[in-house]
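Worksheet for the structure shown next.
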Amino acid sequence: MRNILYAIFFALMTTSCNQKFTAEESATIHAGEREIMYVLSVTESPDSTILRQKSLPISEQMVQSEDFTLLRRRMLATVQDPENEGVGIAAPQVGISRQMVAVQRFDKEGEPFEFFINPEIVERIGEKKAGGEGCLSVPEIRGDVERWQTIRLRYRDEQFVEHEELIEGFTAVIFQHELDHLDGHIYTEKAEKMLTPEELEELMAAQEEDE
Ligand code: ZN
């Protein structure tokens with residue numbers, strides 16, 4: 001019995017640590033002629049199914065692969081597309097159901113985009129506050145969502161080293177939005193109400209006065 005358990009344990013360890021991107025994932029990472037990737041939209045039914053899936057973890061072997069380097073580069077180009085610009089993007093939005101997000105660090109000098117592998121929120125601190133949100137995968141509309149203002153994030157960096165970090169303010173909100181994507185959730189499920197662009201502008205102006 002013990003031997004069987006060991007065999008199962010090692011089989012599980014091997015599959016989770018040494019897993020590569022699947023052939024299908026690799027094809028998606030390489031698809032298209034432009035650097036900017038196709039962004040899945042909730043308005044397209046096959047896309048919506050993928051966006052509602054729970055993402056799988058990324059292995060160390062994946063992070064070290066050429067596919068990862070290409071996916072990282074293309075996700076960055078995609079979130080910075082002048083025609084559909086965002087402040088964050090999750091891998092499922094480009095058709096890869098894996099736990100990886102890029103977030104613009106408004107809390108750091110130069111506001112760089114950074115990548116986070118297998119991220120999870122391990123602590124939610126303080127109070128929730130409502131703020132306007134949009135999503136690259138939800139065309140045109142915006143919503144008013146309540147988010148924690150401080151979170152503690154555990155993640156692996158691009159060398160697969162584990163970190164924990166306290167993140168505050170708007171950057172913390174972006175993380176919550178992007179991590180929801182990894183669980184198959186879209187912000188519209190949490191929005192108290194959807195806003196027209198005019199109402200959003202009023203809300204943003206009111207928030208600026210608060211600060
Ligand atoms: Zn989104």
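Quick notes
- Solution diffusion estimate, µm²/s, Stokes-Einstein, the chain, Kirkwood Rh from C-alpha pairs, 4 °C, viscosity 1.567 mPa s: 71
- Table column - 3J(HN,Hα) (Hz), the range 48-65, Karplus curve with 6.51, -1.76, 1.60, x for Gly and Pro: 4, 4, 5, 5, 8, 7, 7, 7, 8, x, 9, 8, 4, 5, 5, 4, 7, 8
- Chymotrypsin sites (Phe, Trp or Tyr not before Pro) within the range 136-169, DSSP loop, no more than 12 other Cβ atoms inside 10 Å: none
- Computed on the chain, with alpha-carbon pairs under 8 angstrom and 6+ residues apart, the relative contact order is 20 percent.
- Interchain or long-range residues, amide H under 5 Å from ARG105's placed H: PHE113, GLU114
- Positive dipole terminus of the chain, leading residue within PHE170, HIS181, GLY132 (C-beta point charges): HIS181
- Close amide H contacts of ARG142 (hydrogens built in the peptide plane, cut-off under 5 Å, sequence separation of 5 or more or a different chain): LEU195.
- Sequence-distant residues sharing a close amide H with ARG98 (under 5 Å, placed H): LEU56
- Taking the DSSP beta bridges with both ends in the chain, the antiparallel portion is around 95 percent.
- The Cα trace of the range 90-133 gives Rg and Dmax of 13.0, 34 Å, the first to one decimal, the second as a whole number.
- Between 0 and 90°, nearest 10: helix 66-79 axis offset from the chain longest Cα axis: 10
- For the range 9-112, the equivalent ellipsoid built from the Cα gyration tensor has semi-axes of 24, 18, 14 Å, listed from largest to smallest.
- Each Lys and Arg Cβ is given +1 and each Asp and Glu Cβ -1; about its Cα centre, the range 5-156 then shows a dipole of about 580 debye.
- Rounded to the nearest 10 degrees, the inclination of helix 197-210 to the longest alpha-carbon principal axis of the chain is 90 degrees.
- Normalised alpha carbon radius of gyration of the range 124-178 [divisor 2.2 N^0.38 Å]: 1.30
- Cβ-Cβ FRET estimate between ASP107 and GLU158, R0 fixed at 22 Å, reported to 0.05: 0.70
- Cα-only Debye scattering, the range 79-192: base-10 log of I(q)/I(0) at q = 0.16, 0.19 Å⁻¹: -0.71, -1.04
Where a number appears in this text, it was derived from the coordinates with a stated rule and is not lab data. Source: prediction; values computed, not measured. Here Cβ is always computed from backbone atoms with ideal geometry, including for glycine, and neighbour counts include all displayed protein chains.
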